[in-house]
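Peer 1: Shown below is the structure under consideration.
Just so it is clear, none of the values below were taken in a lab; they were calculated from the coordinates. As the structure is a computational prediction, the values presented were derived from the model and not from experiment. Don't worry about glycine lacking a Cβ; one is built from the backbone with ideal geometry, like all the others, and counts go over all protein chains shown.
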């Protein structure tokens, strides 16, 4: 058996931000690289690349996951939402707006992952306590802000989304 | 970081996965949520030639009651176990443990079957499942067999599963009335893995006497350890603070803890007693209510 046949590329179909994408990928392709390099959706960042930092967080079938630790082939048939899929045209998602209003970012590297985790939190718990927000951010690391304004941003967004 | 190249096959049933395992032999590796395996493959600690994906098998994700047991499908993710109403009602200690694994994103992908089959000595679920006296159902081409938790974790990253077996279900007895279960963990501050943890299942009579106790400790050995001396100290005794403290202090008796850069053996032995006490007290609180 040749190496090419043994490690045959795999056809996948993934719905990303509502659009269906068909591709043929090497099995070892990580979901984050499929998004960034095959689909040019570079809003999802690679941070630690070891499932610690959360910069690569996207939604897979509605749940926040670390896309550096998911194979693209595991997303076959699934729906993926990335930071690019949050805004409605020119209108920001309330969590994006919250990060702007409450200055929830400095360098911005962790921000897409923070926002995707926060959106998942507010979808499952629309009125989280400060403690619940902090626990939900356990898997997202920020090296600039000290987190205070990130928590404020999410509180602001929760308030807006409840209105 | 990329894993070394590998082939990928999506199994559509347990039977098909068993056939694929027979076909690929030692070159094949089962993939569940991938939250232990994929990081290990990215670090090239593991380089299987073929991944056999169980994620595409239907029907291994539910939690149901069956004959006095909660039956948890091997592909159930930690977040679903933590949030499960029957788990919270019957086995709150399991809900405790599932809710402190990794972080939100990890709990949304990592599976109970993957975690126990990987048998990381610093994992949470093996510890609580030992306290809860779980049984593991292993399916092979010739049928299925049950493995008791006390026989399941045999060494570091090693279980009693044979190479031709797939773990399909985890069965946990629904505890007798008057029983409380709990899990207490000292996590490593950076990784979130267990430094030391304790699981407890305590059954008390209305009089306050302990009629049964199963205590398991994580972080001290190659897998979860039963704290037999602690259990014996509790059985038949009134569950007073003094008796619990004296029993918990024996949690690390006759152990030889694995040392690392974060915690030496003496520290781990001490902390094992502290976390055993926390788990017993929390279990007792639930047994009372």
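Peer 1: Where does chain B land at 222 nm, in deg cm²/dmol rounded to the nearest 500, when only DSSP H runs of n ≥ 4 count, each adding -39500 (n - 2.57), divided by all residues?
Peer 2: It comes out at -9000 deg cm²/dmol, rounded to the nearest 500.
Peer 1: While we're here: Using alpha-carbon pairs under 8 Å, 6+ residues apart, how would you state the relative contact order of chain A in percent?
Peer 2: 23 percent
Peer 1: Once each part is reduced to its C-alpha centroid, what is the distance from segment B:242-285 to segment B:58-106 in angstrom?
Peer 2: Between the Cα centre of segment B:242-285 and that of segment B:58-106, the gap is 26 Å.
Peer 1: Return B:144, B:197 ranked ascending by Cβ neighbour count within 10 Å, so the fewest neighbours appear first.
Peer 2: Ranked by crowding around the Cβ, least crowded first: B:144, B:197.
Peer 1: Would you work out the relative contact order for segment B:132-289, in percent, from Cα pairs under 8 angstrom that are 6 or more residues apart?
Peer 2: Computed value for segment B:132-289: 22 percent relative contact order.
Peer 1: Using alpha carbon centroids, what distance separates segment B:1-40 and segment A:36-98, in Å?
Peer 2: 25 Å
Peer 1: Right, something else. Classify chain B: rounded, prolate or oblate, from the alpha-carbon gyration tensor (a ≥ b ≥ c, eigenvalue square roots; a/c under 1.5 rounded; otherwise prolate if a/b is larger than b/c)?
Peer 2: Here chain B falls in the prolate category.
Peer 1: Angle, helix A:111-124 long axis vs. longest principal axis of chain A, Cα atoms, 0 to 90°, nearest 10?
Peer 2: Once rounded, one gets 80 degrees.
Peer 1: Shape call for segment B:82-222 from the C-alpha gyration tensor, a ≥ b ≥ c root eigenvalues: rounded (a/c under 1.5), prolate (a/b greater than b/c) or oblate?
Peer 2: oblate
Peer 1: List the relative contact order of segment B:76-209 as a percent without decimals, with contacts defined as Cα pairs under 8 Å and 6+ residues apart.
Peer 2: Reported as a whole number, the value is 26 percent.
Peer 1: Based only on other Cβ atoms within 10 Å, what is the fewest-to-most ordering of A:20, B:237, A:66, B:250?
Peer 2: Least to most surrounded, the residues fall as A:20, B:237, B:250, A:66.
Peer 1: Continuing with the same structure: Report, to the nearest 10°, how far helix B:265-288 tilts away from the longest principal axis of the Cα atoms in chain B, using its own Cα long axis and a range of 0 to 90°.
Peer 2: It is inclined by approximately 80 degrees.
Peer 1: In degrees, nearest 10, range 0 to 90: what is the angle between the Cα axis of helix B:14-24 and the longest Cα principal axis of chain B?
Peer 2: The angle comes out at about 60 degrees.
Peer 1: With a ≥ b ≥ c taken as the square roots of the eigenvalues of the C-alpha gyration tensor of the protein assembly as shown, please select rounded if a/c is under 1.5 and otherwise prolate if a/b is larger than b/c or oblate if it is not?
Peer 2: oblate
Peer 1: Treat the count of other C-beta atoms within 10 Å as a stand-in for reagent exposure and order A:161, B:41 from fewest to most.
Peer 2: With the fewest neighbours first, A:161, B:41 line up as A:161, B:41.
Peer 1: Okay, next question. How far, in nm, would the chain grow between residue B:64 and residue B:45 when pulled straight, counting 0.36 nm per residue and subtracting the alpha carbon separation?
Peer 2: Fully extending the segment from residue B:64 to residue B:45 adds 3.2 nm.
Peer 1: Okay, moving on. Taking only the C-alpha atoms, wrap a convex hull around chain A and report its volume per residue in Å³ as a whole number.
Peer 2: 111 Å³
Peer 1: Tell me what chain A gives for mean residue ellipticity at 222 nm when only DSSP H runs of n ≥ 4 count, each as -39,500 (n - 2.57), the sum divided by the residue total, rounded to 500 deg cm²/dmol.
Peer 2: My calculation for chain A gives -8500 deg cm²/dmol from helical runs alone.
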